[in-house]
Amino acid sequence: MGRRWVVGVLLAGAVLLGGCGDPASEPEAAPPAPSVPEAPTTTQQRAPRAPAKAPTVLYIGDSLAMENHKVLGEELRRDLRANYTSAPYSGTTLCDYLEGTGKRSLVPDADKAAALVRSVRPDVVVLQFWGNAWGYTPCMDGITYDASRARYLERYAADARRLTEQIDAAGRDRRPRIVWVLQGPDPITPDRVRRVNAVYEERAAATGDLVADAGGAVSPAGGRYTWTQYLPCTAYERAHPDYCTQPGSDRTALHRDDDYLHFCLAPTTSTPKPCPVRSPGILRIAREITRVVGEAAPRD
């Protein structure tokens, strides 16, 4: 149960690898990095206290989940002794994981959220979605953030509600706790990410679930929605030099020069896969998710 990794396959060449941005507004290179601000306090958290019972955790999402899922599994197993299953698919959004979407979805029926809940029986479901806004996935019916922001946000909120309802129904008398992952800054459409995060926060509040502010762990202190390529190294990163990429400047890279969105410091490839190199942004995100999963896991 704990070691099944399901890797989504992109249709060749049709989508930006990782498929989370908006190609119509995407720069050829990352925006200039601002001066390095102070490290956010969210990267300094202590290791979570392991629950009495090892939780079963299901992780689904888009390309950010794809690059994260191996590291997250390592963190969850080490800190929480978790049984872990992940099924990320690059280029997806919430509606791709809804049952009933059929061929209009990039996710096969066996890996829909509800289907996985029925088979895995998780205690916690972690949802990691940037909120694809550019109409690649057919289930969004061509609704894009640039063309109609109100329709996009209404549809996104509706899909978040439907996904929660399907997870609830699949869990039956053992409804899993949901952890919505809040997203990091987008230098192109920062307000979109803020509003998508608000959708997650509202949904979690309505259903008694949790949010993991992983995006805050890759944001500067005092600038939650300010994009930056670099942040000061944390104490952990200084103690583990592979994660402090520029020790002479006491700063570490979150993004490559040619990719402002993803946190893997290796070049993207034609086949989506977990990040193959140590990447500070990915570890920061995984540690914050792990901390919140520890809060969400059952204690008896």
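List of remarks:
- Here THR101 meets the list (1) β-branched (Val, Ile, Thr); (2) surrounded by fewer than 24 Cβ atoms within 10 Å (Cβ to Cβ); (3) under 17 Å from the mean Cα position of the chain (by Cα) almost entirely, failing just condition (3).
Condition check ((1) under 18 Å from the mean Cα position of the chain (by Cα); (2) surrounded by fewer than 21 Cβ atoms within 10 Å (Cβ to Cβ); (3) not hydroxyl-bearing (Ser, Thr, Tyr); (4) not in a loop (DSSP other than H, G, I, E, B)) across all residues:
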| position | (1), (2), (3), (4) |
| --- | --- |
| ASN197 | yes, no, yes, yes |
| ARG203 | yes, yes, yes, yes |
| ARG224 | yes, yes, yes, no |
| TRP227 | yes, no, yes, no |
| ARG238 | no, yes, yes, yes |
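- The one condition from (1) within 28 Å of ALA296 (Cβ to Cβ); (2) without any contact (Cβ under 8 Å) to a residue 60 or more places away in the chain that ASP242 does not meet is (1).
- Where a residue in the stretch 268-283 is over 16 Å from HIS240 (Cβ atoms) and its partner, wherever it lies, is hydroxyl-bearing (Ser, Thr, Tyr) and in a loop (DSSP other than H, G, I, E, B), with Cβ under 7 Å and at least six apart: PRO272/SER90
- Residues of the stretch 135-153 include at least one that is assigned to a helix (DSSP H, G or I) and charged (D, E, K, R).
- Candidates are the residues of the stretch 152-180 that are loosely packed, with under 14 Cβ neighbours inside 10 Å and charged (D, E, K, R); the one that is nearest to ASN197 (Cα to Cα) is GLU154.
- Condition met for LEU116 (modelled with pLDDT of 95 or more, part of a helix (DSSP H, G or I) and buried (at least 20 other Cβ atoms within 10 Å of the Cβ)): yes
- Entry remark, the stretch 131-145: residues being over 19 Å from ALA65 (Cα atoms) and at pLDDT 90 or above number 8 in total.
- Filtered residues of the stretch 86-106 (kept if more than 21 Å from GLN183 (Cα to Cα) and not charged (D, E, K, R)): GLY100, THR101, GLY102, SER105, LEU106
- Scanning the stretch 176-195 for residues that are modelled with pLDDT of 95 or more and either of a type in the set (A, V, I, L, M) or in a strand (DSSP E or B) (or both) gives ARG177, ILE178, VAL179, TRP180, VAL181, LEU182, VAL193.
- Each residue in the stretch 252-300 was checked for being of a type in the set (Lys, Arg) and either in a helix (DSSP H, G or I) or buried (at least 22 other Cβ atoms within 10 Å of the Cβ) (or both), and 3 of them qualify.
- Contact map, the stretch 167-182: first residue within 10 Å of ARG121 (Cα to Cα), second residue at pLDDT 95 or above and in a helix (DSSP H, G or I), Cβ cut-off under 6 Å, separation 6 or more or different chains; pairs are ALA170/ALA114; ALA170/VAL117; ALA170/ARG118; GLY171/VAL117; ARG175/ASP168.
The values are calculated or read from the model by the stated rules, or taken from the named source; none is laboratory data. In this text, all values refer to a predicted model and were calculated from it rather than measured experimentally. For neighbour counting, all protein chains shown are included, and Cβ atoms are generated from backbone atoms with ideal geometry for every residue, glycine included.
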